[in-house]
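Just below is one structure, and these are the notes that go with it.
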Amino acid sequence: MINTNTTITPGTIFYSSWGYEQTNIDFYEVVRVTTKTVTLRPIGASRTETISAMSGTVTPKPGEFTGQEFRRTIINYGDAPMVRINAIANASLWEGKPLFTSSWY
């Protein structure tokens, strides 16, 4: 059952945080929605703050697509929807705040 407390519409942003000894952030924009699925496209990110030489914060660049669209089933995770990106990564709803990253060298 899909959580009805959160409305997912085209333009909604999901993010995935991943990495080993670093934190990478990938953003995805919803381009289509059905009752149980979303069609996502990866989008770019902007550095919003530099914390150190190799870390900072990022925000998404809506509409700046970096890859092809793909469809995923919406999963309930507590009170929030989530999507499985692949076997090792899930994506959560972006709440509008910059996210920590340490992925550039």
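The values are calculated or read from the model by the stated rules, or taken from the named source; none is laboratory data. Quick caveat: nothing in here was measured; it's all calculated off a predicted structure. Keep in mind that these areas ignore ligands, DNA and RNA; they rest on the heavy atoms of the full protein, side chains included. Shrake-Rupley method; radii C 1.70, N 1.55, O 1.52, S 1.80 Å.
The amide H of Thr12, built 1.01 Å from its N in the peptide plane, has Val30 as neighbours under 5 Å, considering only residues 5 or more places off or on other chains. Amide H contacts of Glu64 (H built 1.01 Å from N, in plane; Pro and chain starts excluded): Gly44 sit under 5 Å, all sequence-distant by 5 or more or on other chains.
Ignoring ligands, DNA and RNA, what percent of the 1.4 Å accessible area of the chain is carbon and sulfur? Write out the running numbers ahead of the final one.
Values: 3310 of 6550 Å².
That share works out to 51 percent.
Near the amide H of Thr23, within less than 5 Å, lie the amide hydrogens of Ser102, Ser103, all on another chain or at least 5 residues away, with H placed in the peptide plane.
3J(HN,Hα) along the stretch 57-64, derived from phi through the Karplus expression 6.51 cos²θ - 1.76 cosθ + 1.60 where θ = phi - 60°, amounts to 10, 9, 10, x, 10, x, x, 9 Hz, with x in place of Gly and Pro.
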